[in-house]
1. Identify which of Ser227, Ser123, Ser19 has the largest mean-square fluctuation in a Gaussian network model of the chain, with springs joining Cα atoms closer than 10 Å.
2. Out of all DSSP beta bridges with both ends in the chain, state the antiparallel percent to the nearest 5.
3. Assuming 0.692 mPa s and 37 °C, estimate D for segment 56-145 with Stokes-Einstein, Rh taken as the Kirkwood radius over Cα pairs, in µm²/s.
4. Please give the FRET efficiency for Asp56 paired with Gln80, using the beta carbon to beta carbon distance and R0 = 25 Å, rounded to the nearest 0.05.
5. Starting from 0.36 nm per residue, how many nanometres of slack lie between Arg252 and Ser227 once their C-alpha separation is accounted for?
6. Taking every pair of alpha-carbon atoms in segment 109-177, what share in percent sits in each 5 Å bin, from 0 to the bin with the longest distance?
7. Taking the Cα atoms of segment 88-238 alone, what are Rg (to one decimal) and Dmax (as a whole number) in Å?
8. Give the calculated FRET efficiency between Arg163 and Arg64 to the nearest 0.05, with a Förster radius of 22 Å applied to their Cβ-Cβ distance.
Amino acid sequence: MTQPALDFVIAALEKIRESNGRWPRASRTTLALLQTVPAAVPPGVTAESQKRDKADLLAAVRERVNACTQCAHLACSRTQTVFGVGNPDADLMFIGEAPGADEDQQGEPFVGRAGQLLTKILSAMNFARQDVYIANILKCRPDMPAGSFGNRPPTPAEMQTCRPFLIEQIDIIKPNVLVALGAVAVEGLLGTRGTMRDLRGRWHTYNGIPLMITYHPAYLLRNQAPSEKRKVWEDMLQVMERLERPISERQRNYFL
Ligand code: URA
């Protein structure tokens, strides 16, 4: 709603109050809708200029991340930091845990086996990786003892130290929907621990942004049961609905 239209609505409400002696009543739904009225776009601001501005702001955060040594042990062990990838003006943003070995080597989140599955999920949703934004709670790979394989989860202290960078990314991108992949991502973002059974498949919010919680793709690689894959897909259908994306009959019946 533009400012003149909003002024008109407020003036009309005040007139009703003056003639009735009390404020008009409004349902919770109406109030919630009014609160989501987008701010008027200043003249000269186009979608392209907005995207450029966001890209510049993200680049400045990326520089600080690259130079970060707050977790001295991770700054020593990392090949490079892994900032985030995708559209700076994305409607949809995915949040993972931390880079693994492949991500540490390539400097991009979700490029290993779990990442390939995430890319497949995105493509089933009719998104390319460059349409959305993908970032992790931690920007460094959690270090591993010399000679050992695999990944370890980030510690609460590491997540607390790195979280402000993610918050800046979210504040700049301003996605319409967030997706947290797995319980560690939820703990890093919201600071709350819970079981995925309780958390996934329903809407939460982070700072007013609708947040869907679903299983991490690495969980689906470990547990190949079709029922688990279907749960993730149902969560993604909810995300598509929330973003008002068209959903075909084929997509509704899809199994990952
Ligand atoms: N798992 C994550 O949580 N993030 C990555 O970037 C890769 C694997």
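1. Evaluated over the chain, the most mobile residue of the options is Ser19.
2. Numbers: 6 of 18 bridges.
Of those bridges, close to 35 percent are antiparallel.
3. Working: Rh = 13.5 Å.
In µm²/s, the coefficient rounds to 243.
4. On the way: r = 21 Å, r/R0 = 0.85.
Computed FRET efficiency for Asp56 and Gln80 comes out at 0.70.
5. Values: separation 25, 0.36 × 25 = 9.00 nm, distance 1.49 nm.
Stretched fully, the Arg252-Ser227 segment lengthens by 7.5 nm.
6. Taking every Cα pair in segment 109-177, the percentages come to 3, 13, 19, 20, 21, 15, 7, 3, 0.
7. Using the Cα atoms of segment 88-238, the pair Rg, Dmax is 14.5, 44 Å.
8. Details: r = 14 Å, r/R0 = 0.63.
The calculated FRET efficiency here is 0.95.
The numbers here are math on the coordinates, done by the rules we state, and not lab data. These numbers were taken from a predicted model, which means no experiment stands behind them. For neighbour counting, all protein chains shown are included, and Cβ atoms are generated from backbone atoms with ideal geometry for every residue, glycine included.
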